[in-house]
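Reading through the structure tokens given below for one structure.
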Amino acid sequence: MTAPKIFTVSEIVRDVRVSLETMYPDVWVGGEISNLNRHSSGHCYLSLKDAAAQLSVVIFRDDFRRLVFLPENGMQVTVHGRLTVYPAQGKFQMVAVAMEPQGRGALQIAFEQLKTKLEKEGLFRTERKRPLPALPQWIGVVTSLDGAALHDILSVLNRRFAGLRILVAPVKVQGAGAAEEIAQAIERLNREFPDLEVLLIGRGGGSLEDLWAFNEETVARAIAGSRIPVISCVGHETDFTIADFVADLRAPTPSAAAEIVIRSRLEILELMRNLTSRLCSYINYRFGDLENRLRHAAASRMLTHPGLWIDERFQDVDRLTERLRQVFDSARAHQEKDLRHLCEKLQLLSPLATLSRGYAVAWKLPERRILKDAGDTAAGQDLEVQVAKGRVYAKVQRTEL
């Protein structure tokens with residue numbers, strides 16, 4: 001009996017891998033993302049599942065970077081790639097090279113994801129937006145040389161205020177590399193031309209794909225980091241991009257941006273005429289008011305009869321002096337009355353008044369203690385007696401009552 005062929009593990013895995021890659025070299029698989037893991041290497045690992053099964057998927061770093069949106073757990077997607085086996089683990093998996101969301105488009109999801117991210121960082125806050133200069137004399141424009149946007153901007157600026165300094169930074173506004181060119185142009189203008197007063201950044205209308213460069217994170221961060229105020233003017237009035245939210249001001253079209261950035265010469269001249277008229281009216285009013293006040297002052301008695309005015313002031317001084325004297329006299333009389341009243345009260349309370357009515361005060365000697373009880377003495381006790389007028393000294397002869 002012939003012995004069975006014994007395969008090595010590597011042989012089995014290799015044969016299965018070759019069979020899978022031969023049968024499924026280019027497939028699209030739809031399902032729900034779960035177990036999403038973005039590795040530090042840049043590769044992305046996930047499971048693609050439906051109600052009955054799941055499939056391991058890996059997207060290597062370079063392919064993952066080309067995705068315009070970020071995959072998330074629970075997202076329904078269609079994945080493009082090949083089926084294979086990872087030999088080191090004997091693991092059946094799909095190597096994906098592309099991914100598309102089901103339902104909403106990839107660009108719309110990417111737009112919403114970046115908008116949410118930058119909004120959380122505060123890049124859309126009103127308080128960080130800078131005011132535009134009222135009458136800029138040097139304006140920067142970041143757009144394509146070939147598009148209608150530049151022609152529209154230059155035509156409007158020349159019509160509204162000829163002679164402005166305009167610096168154009170030509171860039172691609174769509175396709176591969178456009179976002180990088182736009183961001184680099186913004187950074188270069190800030191670095192090399194810091195005296196620019198305002199930047200116009202935009203292009204004419206187009207599809208979401210055509211305008212996508214202005215939805216890239218690199219452009220948004222370049223606008224947010226610009227020291228020069230930025231007006232975003234991308235597409236038509238109904239088109240909104242991430243650049244619009246980050247910029248200091250959004251204009252619905254490039255032509256509108258040029259209308260906004262500078263007032264027309266006629267508007268400025270009209271404003272100057274209005275201001276001049278208001279200033280002249282105010283000056284005339286002030287001169288008239290001062291003239292009336294001067295006329296009134298010149299007709300006053302103080303200027304026409306200064307001696308009489310001074311005499312009246314002397315009279316006022318005399319009147320006030322007399323009032324002051326009356327106040328002092330009234331106060332003094334009142335105080336004297338109060339003083340007499342207090343003296344009378346003191347007189348009534350004074351022990352001298354009691355002595356004057358025939359009473360006396362006796363002190364035992366030598367301790368000089370007031371005598372209150374006759375029984376508190378003995379024969380021969382020395383006493384000092386105070387009467388109304390003077391004092392006498394005596395000895396106690398007997399103590400019997």
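Annotations for the structure displayed:
- Some residue of segment 100-120 being in contact (Cβ under 8 Å) with a residue 24 or more places away in the chain and at positive phi: yes
- Selection from segment 117-129 of residues that are out of contact with any Lys or Arg (no Cβ under 9 Å at 6 or more places or on another chain) and not in a helix (DSSP H, G or I): Arg125, Lys129
- Complete set of residues in segment 158-195 that are over 26 Å from Leu269 (Cβ atoms) and among the polar types (S, T, N, Q): Gln174, Gln184, Asn190
- When each of Phe193, Phe214 is tested for being more than 19 Å from Lys115 (Cβ to Cβ) and of a type outside the set (D, E, K, R), the lone residue that passes is Phe193.
- Some residue of segment 63-80 being acidic (Asp, Glu), within 30 Å of Trp212 (Cα to Cα), in contact (Cβ under 8 Å) with a residue 12 or more places away in the chain and surrounded by 15 or more Cβ atoms within 10 Å (Cβ to Cβ): yes
- Scanning segment 338-385 for residues that are within 17 Å of Gln397 (Cα to Cα), in a strand (DSSP E or B) and hydrophobic (A, V, I, L, M, F, W, C) returns Ala362, Trp363, Leu383, Val385.
For (1) in contact (Cβ under 8 Å) with a residue 12 or more places away in the chain; (2) assigned by TED's automatic domain parsing to the domain that holds Gly390; (3) loosely packed, with under 10 Cβ neighbours inside 10 Å, each residue gets a yes or a no:
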residue: Gly307; (1), (2), (3): no, no, yes
residue: Asp316; (1), (2), (3): no, no, no
residue: Asp338; (1), (2), (3): no, no, no
residue: Arg369; (1), (2), (3): no, yes, no
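- Among the residues of segment 133-152, those that are over 34 Å from the mean Cα position of the chain (by Cα), surrounded by 14 or more Cβ atoms within 10 Å (Cβ to Cβ) and at pLDDT 90 or above comprise Ser144, Ala149, Leu150, His151, Asp152.
The values are calculated or read from the model by the stated rules, or taken from the named source; none is laboratory data. Quick caveat, the model's predicted, so the values are computed rather than measured. Every residue, glycine among them, receives a Cβ derived from its backbone with ideal geometry; neighbour counts consider all protein chains shown.
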